[in-house]
1. Which value, to two decimals, describes the C-alpha radius of gyration of the range 222-279 once divided by 2.2 N^0.38 Å?
2. Between residue 554 and residue 491, with labels modelled 7 Å along Cα→Cβ, what's the label distance in nm to one decimal, could you check?
3. Figure the gain on full extension for residue 788 and residue 753 (residue separation times 0.36 nm, minus the Cα-Cα span) and round it to one decimal in nm.
4. Taking only C-alpha pairs under 8 Å that are 6+ residues apart, what is the relative contact order of the range 703-843 in percent?
5. Could you do me a favour and compute the accessible area per residue for the chain, 1.4 Å probe, result in Å²?
6. How big is the gap, in Å, between the Cα center of the range 231-290 and the Cα center of the range 468-483?
7. Given axes a ≥ b ≥ c from the Cα gyration tensor, I'd like to know whether the range 548-618 is rounded (a/c under 1.5), prolate (a/b larger than b/c) or oblate.
8. GluC sites (Glu not before Pro), restricted to the range 614-659: which are DSSP loop and have at most 16 other Cβ atoms within 10 Å?
Amino acid sequence: MVEPRRLLLIFFLSTLLIAYSNANVEEIQKDTEEGDEEGKVGGQKAQGVTYDARSLIINGKRELLFSGAIHYPRSTPDMWPDLIKKAKQGGINTIETYVFWNGHEPVEGQYNFEGEFDLVKFIKLIHEHKLYAVVRVGPFIQAEWNHGGLPYWLREVPGIIFRSDNEPFKKHMKRFVTMIVDKLKQEKLFAPQGGPIILAQIENEYNTIQRAFREKGDSYVQWAGKLALSLNANVPWIMCKQRDAPDPVINTCNGRHCGDTFYGPNKRNKPALWTENWTAQYRVFGDPPSQRSAEDLAYSVARFFSKNGSMVNYYMYYGGTNFGRTSASFTTTRYYDEGPLDEFGLQREPKWGHLKDVHRALSLCKRALFWGVPTTLKLGPDQQAIVWQQPGTSACAAFLANNNTRLAQHVNFRGQDIRLPARSISVLPDCKTVVFNTQLVTTQHNSRNFVRSEIANKNFNWEMYREVPPVGLGFKFDVPRELFHLTKDTTDYAWYTTSLKLGRRDLPMKKNVSPVLRVASLGHGIHAYVNGEYAGSAHGSKVEKSFVFQRAVSLKEGENHIALLGYLVGLPDSGAYMEKRFAGPRSITILGLNTGTLDISQNGWGHQVGIDGEKKKLFTEEGSKSVQWTKPDQGGPLTWYKGYFDAPEGDNPVAIVMTGMGKGMVWINGRSIGRYWNNYLSPLKKPTQSEYHIPRAYLKPKNLIVLLEEEEGNPKDVHIVTVNRDTICSAVSEIHPPSPRLFETKNGSLQPKVNDLKPRAELICPGKKQIVAVEFASYGDPFGACGAYFIGNCTAPESKQVVEKYCLGKPSCQIPLDSIHFSDQNDACTHLRKTLAVQVKCA
């Protein structure tokens, strides 16, 4: 990150040269009036996007940009308005999305901009909500999306090398990127045309692989930058994590703490932009839960903006669902569920609310941040203040940081004694009043509930159809074909079959010795059958795709049939030379025969792409009629299950809980909601994901559900649930600052909106619900988290009654922490700074 001492020189040089040459302090003051006037820049175009070292300048005005990533294909179009609305309510003023090449051009020259791939509709919705948009065109995007967004057919272009100074790749990349930009221009969606798009991105995190291509990598970066500029979108282009981004392309930061890790813009006239602030960590099957606290996120944002940052993009603000086969290798169907909006589009608290508060606090600092000069003051061994002061005015904002990760500290700042919790930043928009601390959460918390649907699970009966492993397939080659090339991303599955004759003397003579089938595979997994009997399964992992399957098998005298069902769990999405990644069996041997180890790798193998149930479309109403369904047994491999359920009650989001299942896929009314993998356990001995989102848009009054179970799961305990966050909580102490929502700026000064700024617990039910029960209340030293609070060593006996008085029957309530509202006669915690923890139920 650029040091604050250098910021003074950088800011004035770039601002004087680019934004408003020959301006003086008095003229600047005229451009910094209240409200929307705070960011106005003299001499700038009324419409369009430019930049200097301080910020983007949009339609003649500086902006602090709080951006949330929402990917249009990871939700259904009917969800988009609500997601965008909730993002805006959370203080987001910009929506970021990638563009998904393999979704838009799955077959070369055949384009898809319908349904969840209606990019134009999505951008227009952003505009309708009066938000800005950032479009990351790529066309390589990674994003834990299948093949990093590159269509499979690109792999088979002769002579192609992905993401290099390679003519075949550049030809197709240029054609697609040009088509996307032209499409957006035709719809007048770029800011100079009156649209919402203020930034566009070319490539994606290329520095991570650039050295692998040597000089071809360097020249490719330059070519990509020139390509972007040649498209005349007339907005700035960015390259994330790209130190050598060619002028005027802006290099940006990705990571968790760009306020401390970003090396800064590569030219003094470029702003510091943060394109990915990871709200948690995406998960792959086999992972334990991934978390990142609201406090850590808020700290990182305050830190970045205090050190000259002007844009943060939360990746992801809403992660959504990898429907069908869209996830990259081993990535779960649920994506970034730990974002401020969870997979179901529900607000995850306190992350949503705490980030809303940091956005509000920073917005109160706008004037000083836009026009001030930063200085850094040391307040203690691990404490510092970064102060932004506008010369010749009273505009001032201070960020007081305690970088001690264990202990709270008191600091003296401008004559005030201010307590800073461990590893926190306090924001003072007027250099006097603390309106926000990153570690002290004043917003409410909530807990997610999965409620079994009475209607959907009533009379839920399953039928089954089991596939038979094939024998003697055609499409023969000496050795098994590579799995990516064989399936061409049309299916996860391909059969490999072979036969071998064994004599009596070939088989083991001892009864306690059995032959062993060994398959060394490059990934991702196999299910093995010998003479029609299931022999077992094995698979690799995200970290190590290759694996070895070894299992004792029963062979017989005469002809033996071996069938291997190779499967994939998504295509790779990152790294150099992706077009040269391989999967599938590479060596197949039988051990333990009397005649020694038998290598059957070159025995001659038949092939079949896909399984029969896919070809017959058993997951559709019409296709399901093509086979004879029977009553389910105890479960077995490669079994299809079919059932019907009524649409669940209410309008809450819907999910299916895959209890008792192994691995496979789910279809609702013919539409895949993604892969499930319940028997791939994390180190905590639990499935990485158990509940799978069923969009309401997929449902009808009566619904066909079809499961493909690859292993030996049994669906008897599978059930439909609705999802809510009707358990809401608050935990506020006497040392909490007032919420930044209680302040505003008027006539250039910070003013409270209310007279009483004492700490209070605030609760707001979602939707049109109201508080129907107080499930926990303790004023003292309670501990725990929302959904699991406990009374500590002391508590005011009247706690629950007081909360019920303020809250029962209301859609929202505020509970003052002043102890007189609890008991001034019998204060059980006189020696403590007290905390009020409350948990209520909304309905």
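1. Computed over Cα atoms of the range 222-279, the ratio equals 1.14.
2. 2.8
3. 9.2 nm
4. Once divided by the residue count of the range 703-843, the mean separation gives 34 percent.
5. 39
6. If you average the Cα positions of each part, the centres end up 46 Å apart.
7. Judged from the Cα gyration tensor, the range 548-618 comes out oblate (a/c at least 1.5, b/c at or above a/b).
8. Numbers: sites: 614, 621, 622, 649; in loops: 621, 622, 649.
Qualifying residues, ordered by number: 621, 622, 649.
The values are calculated or read from the model by the stated rules, or taken from the named source; none is laboratory data. Keep in mind it's a predicted model, so treat the numbers as computed, not measured. For neighbour counting, all protein chains shown are included, and Cβ atoms are generated from backbone atoms with ideal geometry for every residue, glycine included. Note: areas computed on protein heavy atoms with side chains; ligands, DNA, RNA excluded. Shrake-Rupley method; radii C 1.70, N 1.55, O 1.52, S 1.80 Å.
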